[in-house]
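Q: Supplied in structure tokens, the structure appears directly below.
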Amino acid sequence: MSAPEIHASANVAPGARIGAGCRVGPFCVVGPEAVLEEGVELASHVVVEGATTLGAGVRVLPFAAVGTPPQDVKYRGEPTRCEVGAGTLVREGATIHRASVGGGGVTRVGPNCMVMAMAHVAHDCQLGEGVILANNVMLGGHVHVGAGAFVGGGAAVHQTVQIGRLAMVSGLAGVTNDIPPFGYVFGLPARLVGFNKIGLLRRGASRDQLRTLRVAFALLFKDPGEFAAKVEQAAERFAGEALVEEVLAFIRDPERRRQFVRPGRMAAPELGGVDEENGEGG
């Protein structure tokens with residue numbers, strides 16, 4: 001791969017590690033602890049601060065800031081990190097803050113994610129592979145987002161919330177509690193109204209699996225009864241059903257006492273759910 005290209009107006013501090021094939025555009029600022037792996041592109045007017053690593057092929061568009069200090073009044077400049085996985089795209093004006101000392105010490109955006117224009121990823125957030133944050137999404141501190149999840153434009157996610165794999169959050173939703181894997185939430189405050197049928201189909205789930213998941217979701221999150229008893233009932237009834245077992249494992253996480261978004265009116269079609277990209281019903 002070719003030597004890095006650094007524009008004459010860019011400010012790259014001594015100590016920064018710039019990999020082969022990188023392009024650092026006009027008026028970018030790269031701090032002394034930054035690591036840009038092979039093929040990273042900073043378009044222009046991009047700021048990369050702190051102990052921040054951008055994985056191979058990451059693209060960051062104008063006026064985005066990655067690795068800047070956390071918006072945490074307790075932070076006093078302690079050494080913390082920020083990592084952005086290979087192939088991720090960070091669009092115009094987005095912000096990704098490095099961690100605070102109150103978390104695990106690292107803010108992490110997984111590989112092949114898209115952080116759209118003006119979205120905000122706060123300190124100590126953890127984003128899995130292939131997560132998409134649409135324009136103006138706001139993630140509070142310590143939010144975890146599972147692989148393949150989609151968060152719609154203008155949605156606000158409260159600090160410490162956890163969002164399961166392949167979940168979908170509608171635009172302008174206000175999320176204050178956890179979302180199970182595959183769940184679809186809508187509204188302010190957000191309510192669980194279905195599951196991400198289209199996303200699951202695209203990843204090889206069968207329609208029989210989706211029917212089973214629909215029944216399990218209704219049992220767990222819609223039917224009356226004590227939640228713990230319903231969890232045990234679902235575990236017995238759907239033993240061996242991989243998608244349901246993933247939901248149950250999320251619920252039973254021994255390290256977290258979960259409070260889930262409340263159920264709303266479940267989707268009417270037999271299979272329920274919505275299109276993960278444009279919100280259309282399945």
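The values are calculated or read from the model by the stated rules, or taken from the named source; none is laboratory data. None of these values were measured; they are calculated from a predicted model. Every residue, glycine as well, gets a Cβ built from its backbone with ideal geometry; the counts of neighbours run over all protein chains shown.
Q: Which residues, taken from region 12-41, are in a loop (DSSP other than H, G, I, E, B), under 26 Å from the mean Cα position of the chain (by Cα) and closer than 18 Å to Glu92 by Cα?
A: Cys28, Val40
Q: Restricting to region 245-260, name every residue that is among the hydrophobic types (A, V, I, L, M, F, W, C), in contact with a helix residue (DSSP H, G or I) (Cβ under 9 Å, 6 or more places away or on another chain) and either modelled with pLDDT under 90 or under 25 Å from Gly174 (Cβ atoms) (or both). Can you show your working first?
A: Initial filter on region 245-260 (among the hydrophobic types (A, V, I, L, M, F, W, C)): 247-251, 260.
Those left that are additionally in contact with a helix residue (DSSP H, G or I) (Cβ under 9 Å, 6 or more places away or on another chain): 247-248, 251, 260.
Once the filter is applied, which keeps residues that are among the hydrophobic types (A, V, I, L, M, F, W, C), in contact with a helix residue (DSSP H, G or I) (Cβ under 9 Å, 6 or more places away or on another chain) and either modelled with pLDDT under 90 or under 25 Å from Gly174 (Cβ atoms) (or both), region 245-260 yields Val247, Ile251, Phe260.
Q: Here are some residues: Ser9, Ser44, Ser100. Which one is crowded, with 18+ Cβ neighbours inside 10 Å, at pLDDT 95 or above, in a loop (DSSP other than H, G, I, E, B) and polar (S, T, N, Q)? Quick ask: steps written out before the conclusion?
A: Details: Ser9 fails: crowded, with 18+ Cβ neighbours inside 10 Å; Ser44 fails: crowded, with 18+ Cβ neighbours inside 10 Å.
One residue alone meets the criteria, Ser100.
Q: Please verify whether region 156-164 includes one or more residues that are in contact with a Pro (Cβ under 7 Å, 6 or more places away or on another chain), at pLDDT 95 or above, within 15 Å of Pro263 (Cα to Cα) and not polar (S, T, N, Q).
A: First, pick out the residues of region 156-164 that are in contact with a Pro (Cβ under 7 Å, 6 or more places away or on another chain): 164.
Still in the running and at pLDDT 95 or above: 164.
Among the residues that remain, those that are also within 15 Å of Pro263 (Cα to Cα) are: none.
For region 156-164, residues in contact with a Pro (Cβ under 7 Å, 6 or more places away or on another chain), at pLDDT 95 or above, within 15 Å of Pro263 (Cα to Cα) and not polar (S, T, N, Q): absent.
Q: Looking at Ala51, is it within 28 Å of Thr160 (Cβ to Cβ) and either crowded, with 18+ Cβ neighbours inside 10 Å or out of contact with any Pro (no Cβ under 9 Å at 6 or more places or on another chain) (or both)?
A: In short, yes.
Q: Counting residues that are under 21 Å from the mean Cα position of the chain (by Cα) and either of a type in the set (Val, Ile, Thr) or crowded, with 17+ Cβ neighbours inside 10 Å (or both), which helices (runs of 4 or more DSSP H) fully inside region 139-247 reach at least 2? Explain how you work it out, then say what you get.
A: Numbers: elements: 197-202, 207-221, 227-237.
Passing ranges, in order: 197-202.
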